[in-house]
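Heads up: the structure comes next, in structure tokens.
The values are calculated or read from the model by the stated rules, or taken from the named source; none is laboratory data. All of these numbers come straight from a predicted model, not from anything done at the bench. All Cβ positions, even for glycine, are placed from backbone atoms using ideal geometry, and neighbour counts span all protein chains on display. Remember, those area values only see protein heavy atoms, side chains included, never the ligands or the DNA or RNA. Shrake-Rupley method; radii C 1.70, N 1.55, O 1.52, S 1.80 Å.
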Amino acid sequence: MAEEAAKLSKPVDLLHHSDHSRNVTDKHQIINGDPRTSILRHALPACQPQEGSIGSRVNAFTQSELAELKAALPSVELGPRHAGSLSHIGSSTTAGSRMLNICQPWETTLQHQSSKNDSGGSTATSLQLDYYGVPRFASRNTDEPRHLRRLCRDGLYTGPTNGQCPGFLQCNLVVLPEGQHAFDFLLFCQRNPKACPLIEVCDVGSYHPVGVALGADLRTDLPRYAIYRNGKLEKETTDVVEEWPERSVAFLIGCSFSYDGSFLEAGIPLRSAEQAKNVPMYKTTLKCRPAGSLQGCMVVSMKPIPALQVANEVEITSKFMHAHGGPVSIGRADIIGIHDIDSPDWGDAIAVGPDEVPVFHACGVTPQSVLMDSNVPFAITHSAGHMFVTDLPADMRNL
């Protein structure tokens, strides 16, 4: 009996290897299957170093616990750790390159994404995001926004992004050449956070927004862009590889499309998405605080909200201060200088139903209006309603 007890108490280090797609499948099976859920809930939290074991620096299972896990998870290969250090994991050997210590942080595939270079080839982006407050991209499945960005990059999606990738943060884009106007715009965002809640500023010359979407390319990964020269809209296009300034400064500003996932969860309709239209946007008489050479008025978007759900809409949107926050006006367009809601300055007209109220939120087209009013020599922006979809959760929690 003593010999059997000693055998059962012998610690075995747990290793897990499989390809990434099978990991995702198994995780869903574990979550949805009662027996597996029970095993992992009880076994994994108790997986602690055992005194005197060779795994005193890593977590370990007893033989009986390991056998139970193997029976419950037949598609996952479990076994003892190789002798020696863990340095063999990730080596050039076939087996070693597929081994992961379940007790170590899993490296996300996003850290190995490649982006096309100007010659059409690929360059690996081996980024080490080790600073305090680094975003946790792996906190949820980011396949959806990456797929949409890939479609945009290939020219296969060129429409508005309202209703797309609900639950993920969407951003407006402004690109200016390095210099006084770029500094003025940074100051403008700081002074006008309601209209321009700043999410990310890229390094000079960079088009990779590593703080919000690893491997993304701001020159190609939006559905549509607008190019301005001397305060005038020159053209709209589906990529800006040729026009991107060598000494660029790219800004990403939170967008109210980020509310969409929360609206759907609360049963608040997305009328523009239901009608396959862009949201209506209007220039108002609400003045922004000037910054250097930049001045102008706020632009707002309008959402028809059922009257009985307006209070819920305000409660939800007020939590999204990084995406314009709560509304600036409810039910009254005239008080903010809009005389005809059926004639938006940007986007498409959306009818307000008899049981609905027009709700107006600050909009990320404000920079475009300000850049035109201020006669800025050159700028690249998103086309109104055609956002950059990030890998970050829309509510930006747990970052």
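What to note about this one:
- Checking VAL212 against (1) outside any loop (DSSP other than H, G, I, E, B); (2) within 19 Å of VAL240 (Cβ to Cβ); (3) among the β-branched types (Val, Ile, Thr), the condition it does not meet: (1)
- Residues in region 292-340 that are more than 24 Å from ILE253 (Cβ to Cβ), within 28 Å of the chain's Cα centre (by Cα) and exposed (fewer than 15 other Cβ atoms within 10 Å of the Cβ): ALA311 alone.
- Filtered residues of region 329-374 (kept if part of a helix (DSSP H, G or I), touching a Ser or Thr at 6+ places or on another chain (Cβ under 9 Å) and closer than 27 Å to TYR225 by Cα): PRO367, GLN368, LEU371
- Some residue of region 236-252 being open to solvent by less than 80 Å² (accessible area, probe 1.4 Å) and without any contact (Cβ under 8 Å) to a residue 60 or more places away in the chain: yes
- Residue within region 190-198 that is open to solvent by 20 Å² or more (accessible area, probe 1.4 Å), touching a residue at least 24 places away in the same chain (Cβ under 8 Å), in contact with a helix residue (DSSP H, G or I) (Cβ under 6 Å, 6 or more places away or on another chain) and among the aliphatic types (A, V, I, L, M) present: yes
- Odd one out for ALA379 among (1) surrounded by fewer than 20 Cβ atoms within 10 Å (Cβ to Cβ); (2) farther than 19 Å from THR317 by Cα: (1)
- Consider region 253-273 and keep the residues that are open to solvent by 30 Å² or more (accessible area, probe 1.4 Å) and touching a residue at least 12 places away in the same chain (Cβ under 8 Å). The one that is nearest to PHE320 (Cα to Cα) is SER262.
- Unmet requirement for GLY325, which otherwise passes all of (1) among the small types (Gly, Ala, Ser); (2) within 19 Å of SER272 (Cα to Cα); (3) part of a loop (DSSP other than H, G, I, E, B): (2)
- One residue stands out in region 350-370 among those that are surrounded by 15 or more Cβ atoms within 10 Å (Cβ to Cβ) and among the aliphatic types (A, V, I, L, M): the one that is nearest to LEU294 (Cα to Cα), namely VAL370.
- Matching strands (runs of 3 or more DSSP E) fully within region 218-307 where at least 2 residues are under 26 Å from TYR207 (Cβ atoms): 225-229, 232-237, 248-254
- Residues satisfying the stated conditions in region 243-269, i.e. in contact with a strand residue (DSSP E or B) (Cβ under 8 Å, 6 or more places away or on another chain) and hydrophobic (A, V, I, L, M, F, W, C): TRP244, VAL249, ALA250, PHE251, LEU252, ILE253, CYS255, PHE257, ILE268
- Checklist (1) part of a loop (DSSP other than H, G, I, E, B); (2) at negative phi; (3) open to solvent by 40 Å² or more (accessible area, probe 1.4 Å) applied to GLY155, failing item: (2)
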